[in-house]
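The next block holds one structure in the form of structure tokens; read it before the comments.
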Amino acid sequence: PHVEVLERMENKVRQYEVVRWIMMFVIGFTVGLVGLFVDFFVHLFTKIKFTVVGYSVEKCSDQGCLPVSLLELLAFNMTFIFIASVVVLIEPVATGSGIPEIKSYLNGVKIPGIVRLRTFFCKIIGVLFSVAGGLFVGKEGPMIHSGAVVGAGLPQFQSITFKRIKFDFPYFRSDRDKRDFVSAGAAAGVAAAFGAPIGGTLFSLEEGSSFWNQALTWKVLFCSMSAAFTLNFFRSAIYFNKWGSFQLPGLLNFGEFKCPEGDKSCHLWTIVDLAFFILMGVVGGLLGALFNCMNKALAKYRMRHIHPKAKFIRILESLLVTMVTTVVIFAASVLLGECHDLSLPTIKNSTLSSGEDINSTIRQFFCTNKTYNDMATLFFNPQEAAIHQLFHQDGTFSPVTLSVFFLLYFLLACWTYGVSVPSGLFVPSLLCGASFGRLVSNILKVNLGMDIYSGTFALIGAAAFLGGVVRMTISLTVILIESTNEITYGLPIMITLMVAKWTGDFFNKGIYDIHIQLKGVPLLEWETEIEMDKLTASDIMEPNLTYVYPHTRVQSLVSILRTTVYHAFPVVTENRQNEREFMKGNILVSNNIHFKKSNVLSRAGEQRRRCQSMKSYPSSELRNVCDEQNAVVEPAEEGEDLLQQMHAPYPNLYPDQSPSEEWTMEERFRPLTFHGLILRSQLVNLLIRGVCYAENESVSATQPRLSYAEMTEDYPRYPDIHDLDLALLNPRMIVDVTPYMNPCPYTVSPNTRISQVFNLFRTMGLRHLPVVNAVGEIVGIITRHNLTHKFLVNKLRQHYITI
């Protein structure tokens, strides 16, 4: 029979693994299709808009009716952004890029509604219209968020938004599984956005997950590849009409960087250029820090003055930003654009991500025959086309045009990020940086007469600015290398990003970390500062515990659950020396003592045993300590109602009385032997399903047993204690929680250093960490709140004051 059981378990594990791989492919495929949908409609709407406005501009340049063209452009943009803002009002979590929220989720913090299906639809429709509406936002950040929602939702086979979607799917009913799929979905989102599957995997590893294992890396890479190739397959078919050819990787494609054929003196970059790249990295870091500082001030202003007001104020703000952006780009193109000879710009073999030849994106607005307007070429095109122009355009962009473009983009992108529409930050940052890089290459080429490749400088400028804003290192390096398809750029990109990050970190954090901080999310960093090791677990733990006994009355459980908001409770027994007295007559008490006896030696016996072993030590101090302990015997408590004593903290069912207020010091710090942890969701589940036994019956015979499938059936939305109908419960019944508790959670000693506590908590993805002393008594509990930087700094300050 044992062999059969083992075989059954092995088959189940294999089955589980196969289903996991299938789910990874399904998530990747779905994310690819989502990317295709967004890209197709953004392309369609943008094309309609620019065709209509372009025709009007060309007609009005001769007839002098340019205000009409401006009104047409305003009408398109305002309509699109109005739709995007209204959609976000339905689900406010869909605002912004979603990367800070997903980063928080993968770090172990649940933000309500972040991976809901409703959020997904609002995000997709919102980003489609906000990009088409001409705001300085990208669709790459929202793609990552959308991918994460797909990862969270698909393996569950159920939805809260659409209640009828519910299949009896027994797999992946835990937070850890869900988190793995969310990191795979986020990676697939990066892969679809940039055509960078390896970059996507590294993004999930660097930005998100606190807990990571080797098997997950392989699965996440498979998921990312599925997303990238699904998108590539369908886009190549739609734009080139070639099914089965893979010609368009990623929504954002940088095109091919190569020297003109036959030009032997041309190099993409040389060792001399590296010195300029380092300087550009420094400038990029400074500009990024300034961008983040301004955006943080704006976000604080919004939180104080715009978010508390009526919802339509947010729509008005979005429309105001749109109006200003539209008027500014129109005015800049008319007044500041310079006309250049059309014979100059030639770009070899560069196709845009939508399959058009890049030369078709040159705009002749407001310029006479045979000349083109360099400012309009950058502003009156989709952002991908503008990036291609800056990376691959041989024709000159004048320094004035580049400076004005950079300044306008910098200020407007900073104002736009945080407006109530779904908005990515990658593309605006790349465009800002690319114009800065092109400006540097212009100065070096024209003023200093150096022989350099302009495209490389544009790319390095883009990397420097983006690195200065988001402060990502390894994943961003790989994403940019994969997007350029040019491995020789590995070293300059890496060095530039490193320098930009170091420079920026000198002033402030990355933009995503700043927004996480503003939302008040208790994010755990990778490690604590060395100084924190002056503290131990006992310095930071929460000593006031709310606990349950192995056998507890229903009325006590209901009272505990209704008067506290904790998610887990230690299961304990009290260390009393007059245990024999308890055995008389009361089943509840004797059950608890029997449980304790079978689990842990009595405290006195344990101390006697330790003392015997201590006496063999040569140190006289240990012997003395032991003798002192033996001399002190706790006086026996007599004449108390035993049952009342067992449940002193929760004498009644009234939720308005906080238990801690009535506790005496003795009650608050009783010696409690620790047996395990039980979750709130499990306790509510046991009460709702009536898992209990009567006082005059034996436990094993009468208390029903629930299977794991029954306990996790309601995941991820467990019932609440307030949904419980108290009329159906007999408050005198007793619940045996021991079969359902976790009998061996991770624990730490009160003297453990903070760095060890932190590493254990973060790497194992814990939510609760009991602090247990040498004799098995629980003395406190550590949660995420106790390990946040702010909390630790306060405790360290108190520590110094005490010293």
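Read the figures in this text as sums done on the coordinates, not as results from a lab. This one's a predicted model, so the numbers in the text were calculated from it and none came from an experiment. Positions of Cβ are backbone-derived with ideal geometry, glycine not excepted, and every protein chain shown enters the neighbour counts.
Return the subset of Lys534/Lys795; Lys258/Lys370; Lys519/Lys790 for which the Cα-Cα distance in this structure is over 21 Å, preserving the input order. Walk me through the numbers on the way to the answer.
Working: Lys534/Lys795 10 Å; Lys258/Lys370 27 Å; Lys519/Lys790 14 Å.
Over 21 Å apart, Cα to Cα: Lys258/Lys370.
Select from the range 519-579 those GluC sites (Glu not before Pro) which occupy a DSSP coil region and have at most 14 other Cβ atoms within 10 Å, ordered by residue number. The partial results should precede the final answer.
Numbers: sites: Glu525, Glu527, Glu529, Glu531, Glu574, Glu579; in loops: Glu525, Glu527, Glu529.
Sites meeting the loop and neighbour criteria: Glu525, Glu527, Glu529.
Could you give the Stokes-Einstein D for the range 171-296 in µm² per second, using the C-alpha Kirkwood radius, 10 °C, 1.306 mPa s? Present the calculation step by step, with values, prior to reporting the outcome.
Working: Rh = 17.8 Å.
My calculation gives 89 µm²/s for D.
Please tell me which of these pairs span more than 23 angstrom C-alpha to C-alpha: Lys103/Lys300; Lys300/Lys509; Lys12/Lys110; Lys123/Lys311; Lys103/Lys296; Lys12/Lys219? Don't jump to the answer; show the numbers that get you there.
On the way: Lys103/Lys300 21 Å; Lys300/Lys509 16 Å; Lys12/Lys110 30 Å; Lys123/Lys311 18 Å; Lys103/Lys296 18 Å; Lys12/Lys219 19 Å.
The pairs that break the limit, which is 23 Å between Cα atoms, are Lys12/Lys110.
GluC sites (Glu not before Pro), restricted to the range 174-268: which are DSSP loop and have at most 16 other Cβ atoms within 10 Å?
Counting only loop positions with at most 16 other Cβ atoms within 10 Å, the GluC sites (Glu not before Pro) in the range 174-268 are Glu256, Glu261.
Give me a comma-separated list of calculated 3J(HN,Hα) values for the range 97-105, in order, Karplus coefficients 6.51, -1.76, 1.60 applied at θ = phi - 60°, integers in Hz, x for any Gly or Pro.
Those phi angles translate into 8, x, 5, x, 5, 5, 4, 5, 4 Hz.
Report the FRET efficiency, 1/(1 + (r/R0)^6), for Asn696 and Arg717, where r is their Cβ-Cβ distance and R0 is 30 Å, rounded to 0.05.
Rounded to the nearest 0.05, the efficiency is 0.20.
Starting with the highest mean, order 457-470, 484-497 by the number of other Cβ atoms within 10 Å, averaged over the residues of each peptide.
Ranking, from highest mean packing down: 457-470, 484-497.
Using the beta-carbon distance between Asp451 and Ser245 and R0 = 30 Å, what value does 1/(1 + (r/R0)^6) give for FRET efficiency, to the nearest 0.05?
Working: r = 37 Å, r/R0 = 1.23.
Given R0 = 30 Å and the Cβ-Cβ separation, E is 0.25.
log10 I(q)/I(0), Debye, Cα-only the range 1-117, no solvent, q = 0.14, 0.17 Å⁻¹?
Here log10 of I(q) over I(0) equals -0.89, -1.04.
Taking the radius of gyration and the Kirkwood hydrodynamic radius from Cα positions alone, what is the Rg/Rh ratio for the range 743-803, to two decimal places? Mind dumping the intermediate values first?
Values: Rg = 12.3 Å, Rh = 12.5 Å.
Rounded to two decimals, Rg/Rh equals 0.99.
To the nearest Å, what is the center-to-center distance of the range 1-47 and the range 412-480, using C-alpha atoms only?
Spelled out, the Cα-based centre of one part sits 35 Å from the other.
Which percent of the Cα-Cα distances in the range 459-536 go past 18 Å?
Working: 1522 of 3003 pairs.
Result for the distance tail: 51 percent.
Along the positive direction of the dipole of the range 402-537 (beta-carbon charges: Lys, Arg +1; Asp, Glu -1; about the Cα centre), which of Ala464, Pro422, Thr496 reaches farthest?
Projecting each Cα onto the dipole axis, the largest value belongs to Pro422.
Mind putting a number on the dipole of the range 691-803 about its Cα centre? Charges go on the C-beta only, +1 for Lys and Arg and -1 for Asp and Glu, and I need it in Debye to the nearest 20. Write out the running numbers ahead of the final one.
On the way: 10 positive and 10 negative charges, 218 e Å.
With Lys and Arg at +1 and Asp and Glu at -1, about 1040 debye.
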